Amino acid sequence: MKWVYIVSITTLVILMFIFQWPKIKATEKKEKAAFVTLTVLGWAIAVFYVIFPSMPSPAKIVDFTLMQISNFFRTLW
């Protein structure tokens, strides 16, 4: 059943590329690179959540990372 979700997510990403890629001008290389990077990262995270549903959310990962950095700086001061 997971493969249905993965195929659906992949289909939506392909449709995004089909409809949005031509709207980005050829001279806007940074915008195209950002579009590809963010889309691929979003696709990968969505697929990982389908395969590993108990994975922590990105907000919890960011919170954990910032707490570790905060604790590190507190020990220095």
- Item | Read-out percent of Cα pairs over 18 Å apart, derived from the coordinates shown; its label in (1) 59; (2) 64; (3) 27 | (1)
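Counting other Cβ atoms within 10 Å, which trypsin sites (Lys or Arg not before Pro) in the chain have at most 16 and lie in a DSSP loop? Provide the component values of the computation, followed by the final result.
Values: sites: K2, K23, K25, K29, K30, K32, K60, R74; in loops: K25.
Passing sites in the chain are K25.
Under unit Cβ charges (Lys, Arg +1; Asp, Glu -1), what dipole magnitude, rounded to 20 debye, does the chain have relative to its Cα centre? Spell out each step's value before the answer.
Details: 8 positive and 3 negative charges, 33 e Å.
For this selection, approximately 160 debye.
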- CD proxy, 222 nm, the chain: helix-only mean residue ellipticity via -39,500 (n - 2.57) per DSSP H run with n ≥ 4, per residue, nearest 500, stands at -27500 deg cm²/dmol
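Just so you know, all these numbers are worked out from the coordinates, no wet-lab data involved. From a predicted model like this one, the values you see are computed outputs, not experimental measurements. Quick reminder, even Gly has a Cβ in these numbers, built from the backbone with ideal geometry, and neighbours come from all protein chains shown.
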